[in-house]
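The values are calculated or read from the model by the stated rules, or taken from the named source; none is laboratory data. Bear in mind the structure is a predicted one, so any value in this text is a computation, not a measurement. Here the Cβ positions follow ideal geometry from the backbone for every residue, glycine too, while neighbour counts run over all protein chains shown.
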Amino acid sequence: MEKVLLTGATGFIGSELAPKLIEKGYEVHALERYVTGRYSFEKNRNFINHYASLADFPAIKNIVHEVQPDYVLHLAAISPVSFSYDHYIEVTEVNYLGTINLAEACYREVPHFKQFIMAGTSEQYGMTLKDKKERLTEDSKLHPNSPYAVAKVAADLYLKYMHEAYRFPMTILRPFNTYGRKANSHFFIERTITQMLKGDKVYLGDKSAIRDWLYVDDHVNAYLKALGNRKAIGEVIQVCTGKGYTTEETAKLIAKFTGFKGDIIWNATPMRPLDARVLIGDNSKARKLLGWEPKYNLEEGLKKTIGYWKLQNQRK
């Protein structure tokens, strides 16, 4: 049985991906940062838990040596962009140095290692195209505009260096803005849904930003398509729908599907020091190399997400 070491197993994508890996017959080892009171997978005997900070190289090296994973799916990161502005050292240590620690441990401790898949982000492009509604490609210039994005670009470059120097079998997936969360209403779509379901006023930020919204199931499926795929080795691959919506258009769709008749108060949340106006991706490479394509358009994904949060409200 092949072994997968999954970081970020308690996070948004990791918690959805882990059961899929088990269904496919992998032995799944979940690498978690120990948090008092959180025992995410302790009762699930299908998972094998390991606890360490990604910033602790000796601990990471020991775990990798013990597990001897065939594959690593590296999803762990401190991901809220707004958090990174004031916690830049912590974000850099985890998102950049943590990636180095994990990749180097795999290279040095696992002779038969097959693939290291890292979660990149569309945030790496930053403000490259400003207001142009052009589709970004994997070759578009990276212009990171937050400590979070800078750390992700640095990790990206380090993995490319390892591949070129040692033929380290890395793959970088670069997903665009993903929604469909079940435990976190901090992000735009979930925040808009939960506010519209609870009250007659919704407080949001910039109405004109354009985003390529990716539903969670499509995001998870991209990792499954990349895992063990030799065509993906050494590649950076975008995961996106190829279609952009303004945040105002998105909010109007959510209002339509929730039946919201109240007021939307725009520019009610602080702007970031720098922010990308337009992030729309080209998924041609994912289609060609992975045989992946999105199954959900925005309307379908929003209906599923709204359905989940409605059910949560009914249970309270």
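Within the group GLU104, GLU134, which residue is modelled with pLDDT of 95 or more, out of contact with any Ser or Thr (no Cβ under 6 Å at 6 or more places or on another chain) and either assigned to a loop (DSSP other than H, G, I, E, B) or surrounded by fewer than 19 Cβ atoms within 10 Å (Cβ to Cβ) (or both)? Talk me through it step by step, then tell me what you get.
Numbers: GLU134 fails: modelled with pLDDT of 95 or more.
Step by step, each of GLU104, GLU134 is checked, and only GLU104 is modelled with pLDDT of 95 or more, out of contact with any Ser or Thr (no Cβ under 6 Å at 6 or more places or on another chain) and either assigned to a loop (DSSP other than H, G, I, E, B) or surrounded by fewer than 19 Cβ atoms within 10 Å (Cβ to Cβ) (or both).
Given the conditions (1) charged (D, E, K, R); (2) in contact with a Gly (Cβ under 8 Å, 6 or more places away or on another chain); (3) at pLDDT below 95; (4) buried (at least 20 other Cβ atoms within 10 Å of the Cβ), which single one is not true for LYS152?
Unmet condition: (3).
Is region 191-209 home to any residue that is acidic (Asp, Glu), on the phi < 0 side of the Ramachandran plot and surrounded by 21 or more Cβ atoms within 10 Å (Cβ to Cβ)?
Within region 191-209, the subset acidic (Asp, Glu) is 200, 206.
Now drop any that are not on the phi < 0 side of the Ramachandran plot, which leaves 200, 206.
From what's left, surrounded by 21 or more Cβ atoms within 10 Å (Cβ to Cβ): none.
No - not one qualifying residue is present in region 191-209.
Quick check on my filter: what residues within region 201-259 are at pLDDT 95 or above, of a type in the set (D, E, K, R) and in a loop (DSSP other than H, G, I, E, B)?
ASP212, GLU235, LYS243
Identify all residues within region 183-200 that are part of a helix (DSSP H, G or I) and over 18 Å from the mean Cα position of the chain (by Cα); write none if there are none. Give the steps one after another, and end with the answer.
Within region 183-200, the subset part of a helix (DSSP H, G or I) is 188-198.
Within region 183-200, THR192, ILE193, THR194, GLN195, MET196, LEU197, LYS198 meet the criteria.
Identify all residues within region 1-30 that are farther than 21 Å from ARG181 by Cβ, of a type in the set (D, E, K, R) and not in a loop (DSSP other than H, G, I, E, B); write none if there are none. Even if it seems obvious, please write down each step before you answer.
So the first thing to find is which residues in region 1-30 are farther than 21 Å from ARG181 by Cβ, and the list is 1-5, 22-29.
If we keep only those that are of a type in the set (D, E, K, R) as well, we get 2-3, 23-24, 27.
The answer is LYS3, GLU23, GLU27.
Considering ASN221, ASN283, which residue is more than 24 Å from ALA18 (Cβ to Cβ), within 18 Å of the chain's Cα centre (by Cα) and of a type outside the set (Val, Ile, Thr)?
Working: ASN221 fails: more than 24 Å from ALA18 (Cβ to Cβ).
Exactly one residue qualifies, and that residue is ASN283.
Quick one: count up the residues across region 230-280 that are closer than 20 Å to LYS141 by Cβ and either over 23 Å from the mean Cα position of the chain (by Cα) or of a type in the set (Val, Ile, Thr) (or both).
The qualifying residues number 5.
Would you confirm whether any residue within region 138-148 is touching a residue at least 12 places away in the same chain (Cβ under 8 Å), in a loop (DSSP other than H, G, I, E, B) and of a type in the set (Ser, Thr, Tyr)?
Going through region 138-148, the residues touching a residue at least 12 places away in the same chain (Cβ under 8 Å) turn out to be 138, 140-148.
Within this subset, residues satisfying the condition of being in a loop (DSSP other than H, G, I, E, B) are 138, 140-146.
Now restrict to residues that are of a type in the set (Ser, Thr, Tyr): 140, 146.
Scanning region 138-148, I find at least one residue that is touching a residue at least 12 places away in the same chain (Cβ under 8 Å), in a loop (DSSP other than H, G, I, E, B) and of a type in the set (Ser, Thr, Tyr), so the answer is yes.
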